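The values are calculated or read from the model by the stated rules, or taken from the named source; none is laboratory data. Nothing here was measured: the structure is a model prediction, and the numbers come from that model. Virtual Cβ from ideal backbone geometry, glycine too; neighbours counted across all protein chains shown. Heads up: the accessible areas ignore ligands, DNA and RNA and are worked out on the full protein's heavy atoms, side chains in. Shrake-Rupley method; radii C 1.70, N 1.55, O 1.52, S 1.80 Å.
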Amino acid sequence: MRWCGSGSVWRAGALLALLLPLWELGCWGLISASGASGTQNQAQHTAGGPGELLRRHKRSWVWNQFFVLEEYTGEEPLYVGKLHSDVDKGDGKVKYVLSGEGSTSIFTIDENTGDIHATKRLDREEQAYYTLQAQAVDRLTNIPVEPRSEFVVKVQDINDNEPKFLDGPYMAGVPEMSALGTTVVQVAATDADDPTYGNSARVVYSIISGQPYFSVDPKTGVVRTALPNMDREVKDQYVLVIQAKDMVGQMGGLSGTTSVTVTLTDVNDNPPRFSRKNYQYMVPESLPVASVVARVKALDNDIGPNAEMEYRIMEDGPGVFNITTDEDTQEGIIILQKPLDFESKNSFNLRIEATNRNIDPAFVHLGSFSDTTSVKVTVEDVNEPPVFSTQLSKMVVSEDARVGISIGRVSAHDPDSSNSAIRYSIDRNTDLERFFNVDALSGVISTAKPLDREVNSVHNLTILAMESHDPTQVGKGFAVITVLDINDNPPVFAIEYETLLCENASPGQVIQTISAVDKDEPPSGHRFYFALPLSVAGNSNFTLRDNKDNTASIVTKRGGFRRREQVLYRLPVLIVDSGSPALSSTNTLSVSVCDCDSDGVAQSCGAVAYTLPAGLSTGALVAILGCIITLLVMVLLIVSMRRRKKEPLILEEERDVRENIVRYDDEGGGEEDTEAFDMVALRNLNVIRDPKVRRDVTPDTPTFFPYPRSSSSLPVYKTLPDNVVFREFIWDRLKDADVDPSAPPYDSLQTYAFEGNGSVAESLSSLESLSTDSEQNYDYLSNWGPRFKKLADLYGDGKSVFS
């Protein structure tokens, strides 16, 4: 079987210059040998020209790589090659089969002729080669007539991809004033074409924009400075455009570009400079210390650390002024260090120097990196408050000093040229109890109250001095008055002693050591003397021994102390101090008699409890206990029975009454309900209640009935005074309730809306008149004034009304 491959013929002139020649037409033959004859068949192959013969030995399939041009744009399928077997006699019995990568989607084979075509456009950058298998089989039985063989179809590259800068655009920096050829950055472009075939992937670099400041190496892509000493202060940023072109930069090659932003970084190549050589400022002499006097600034064209400066005062200012640097603005801040005094010095001429903090030795040759300027500070005169000659005055006074005695004197003056008179006073916030006074004119401080060192030993006063002509100008001074001690407090016991005495104490035993304290503080320290008063010095129980170290010991004179005889002993002790004059006090020491163990530790103190000579028998105690238990059981039974009686039947056991809702179905009868009370009877005095009618049931017949006015049983209320009328009315109703057998058996509250007999004029209405001809005379209405004139006209004499 033979395989014939056909190369593509380049027709475009431009492509002929870019691509290498393809293989010419050729055929590879398979020579089959007949087993015993050893003869050889010859296959003819045209290589260089006609007539050249190629003889090969008998062997298997011989395959070569086949090339297919990528990006084929023809309308017909691209012919790849031809498969042919020696077994194929042209009678149609042999069928060719193709398998492998893209055998059905990209490559097809004519099963009769063995022609292979590419049906799709190929891209080498997506897949560079395809591995296929070829085989000749019997058409009827599909039995292979030749072994399966494998071959490779390689996609031939063309220049269809431009170079690309994958890392672009670039940002780079280079110090200003750099030398020629300083490296800035390296750019790199990649080409997706085949680097092993032709010049499609061979890239060269060039600079399109950015000259003459920068250049680029055409092979490596390294960007360098093309000019020396570029100044950031002139221009600090450059934008370069770099091009990468394939085909070694030849015509027809593809290209790509990127941008490179180059920033010139700052170096300290500029010295600081003051914009002015002279500055003038005016400040008041009352300016507080640590205040800002002025701000000056030296300009530096550099930035960042290269523009940081330090300032210093060179002349006339050190000591009074100081200058520091504002780290945010790089300004020199002149600060006042001492108070100003117009009367002493009214102007200062300062010499200020500004120097770069970070000087680059490489640029020292450019000159000095410092500058100076003059600052004149003029002091303005202001009205200042009085100034004390001594800001803090220290004075002493004895605590027994009499009221009004002079302690000391303060002095202040007006620092201004006017030299105004001064008046003194004490800030009472520092002397709330007004122990001291100060003379307003002389400044002499004196006592105003008796002093007590034990209460307050030091007084801190604030003295105010104000100008007589301008009281708003107030100066402050301070006086510290120390109160000297005198011996005015007697010594007393240091603590409240609780002395315990064992019953088995022996004579001469120390039962307590005492000490004393004194509120006074003598310069040489305390010295106390202890003794028993003369009244108890000869007692037979205790004595006192002065230890000569401000302590004393209480010693027993005898033994055999018994609590049953005496529980508590009170021993007076006399204590005398060493002051002048000496003071003394008598303190009482309480000694309790206690029962102690063998080690002398108190077990119990106080009175002894006496025991009965005879006790109760066991039987009596059991009987008493039984009675008590019986009484408790009876009390519990009574309490439980009372609780059961009080519990409602409708409530369950252990149920909170607050959880129950009590419903009442009793509703009132409204306006027609006359079962309980009849208000008509309360309002009408001429109606009498039937005493036989029950009030707790609804009556079948009317409850009330009128009686004739002539009835003797009707009380005549109208003829009685008002207080009697009410009293009689209530008594009548009370009798009705008492004698009524149908009244409820419980007490009830009855409300009566009886309002009395009314006006002395009785009713003026004509509704109660029996006829239109009333015998009542209403002429008296005309005497009641103008308010009743209308009624007098209506009800008076008919002749006067209608005449």
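What the table below lists for this structure:
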quantity: Sequence of W784, W731 when ordered by accessible area, the most exposed leading, probe 1.4 angstrom; calculated: W731, W784
quantity: Heavy-atom accessible surface of segment 492-604: percent carbon and sulfur, 1.4 Å; calculated: 49 percent
quantity: Radius 15 Å from Cβ of N322, net charge of other residues (Lys, Arg +1; Asp, Glu -1); calculated: -2
quantity: Full-extension gain in nm, R121 to V633, via 0.36 nm per residue minus C-alpha separation; calculated: 172.6 nm
quantity: Residue-span extension gain [A128 to V739] - 0.36 nm each, minus C-alpha spacing; calculated: 206.4 nm
quantity: Net length gained if the chain between E76 and T482 were fully extended (0.36 nm per residue, minus Cα distance); calculated: 133.7 nm
quantity: Accessible area expressed per residue, segment 286-358, with surrounding protein chains retained (probe 1.4 Å, Å²); calculated: 51 Å²
quantity: Alpha carbon convex hull of segment 320-380, projected area averaged over orientations, nm²; calculated: 5.4 nm²
quantity: Radius 15 Å from Cβ of M395, net charge of other residues (Lys, Arg +1; Asp, Glu -1); calculated: 0
quantity: Percent accessible area from carbon and sulfur atoms, segment 387-484, protein chains only, probe 1.4 Å; calculated: 52 percent
quantity: For segment 492-604: accessible area per residue (Å², 1.4 Å); calculated: 55 Å²
quantity: Cα-projected label distance for E315 with S598, points at 7 Å along beta-carbon direction, nm; calculated: 10.3 nm
quantity: Average projected area [Cα convex hull, segment 492-604], square nanometres; calculated: 7.6 nm²
quantity: Estimated translational D of segment 164-265 in µm²/s (Stokes, Kirkwood radius over Cα pairs; 25 °C; 0.890 mPa s); calculated: 175 µm²/s
quantity: Cα pair distances exceeding 13 angstrom across segment 453-514, given as percent; calculated: 79 percent
quantity: Alpha carbon centroid spacing (whole Å) that separates segment 204-221 from segment 593-607; calculated: 114 Å
quantity: Pairs beyond 22 Å (Cα-Cα), from K95/K154; K338/K476; K277/K345; K338/K376; calculated: K95/K154; K277/K345
quantity: Inter-label distance for Y569 and K89, nm, one decimal - labels placed 7 Å from Cα along Cα-to-Cβ; calculated: 16.1 nm
quantity: Beta bridges by DSSP in segment 387-484, antiparallel share as percent, to the nearest 5; calculated: 75 percent
quantity: Range of Cα positions in segment 387-484 per principal axis (Å), largest first; calculated: 46, 21, 19
quantity: Volume per residue of the C-alpha convex hull in segment 65-156, rounded to whole Å³; calculated: 89 Å³
quantity: Inter-centroid distance (Cα atoms) of segment 128-151 relative to segment 317-352, Å; calculated: 104 Å
quantity: Heavy-atom accessible surface of segment 208-278: percent carbon and sulfur, 1.4 Å; calculated: 50 percent
quantity: 3J(HN,Hα) from dihedral phi, segment 724-737, Karplus parametrisation 6.51/-1.76/1.60, rounded to Hz, x for glycine, proline; calculated: 6, 4, 5, 4, 5, 4, 5, 4, 4, 5, 5, 5, 4, 6
quantity: Rough spin-label spacing in nm, given labels placed 7 Å along Cα→Cβ, for D381 and T499; calculated: 8.1 nm
quantity: Stokes-Einstein D (µm²/s) once Rh is taken as the Kirkwood radius of segment 273-380 over alpha-carbon pairs, at 25 °C in 0.890 mPa s; calculated: 168 µm²/s
quantity: FRET efficiency for H526 and A440, using Cβ-Cβ distance with R0 set to 56 Å, rounded to 0.05; calculated: 0.85
quantity: At q = 0.21, 0.22 Å⁻¹, base-10 log of I(q)/I(0) for segment 155-207 (Debye sum, equal scatterers on each alpha carbon); calculated: -0.83, -0.87
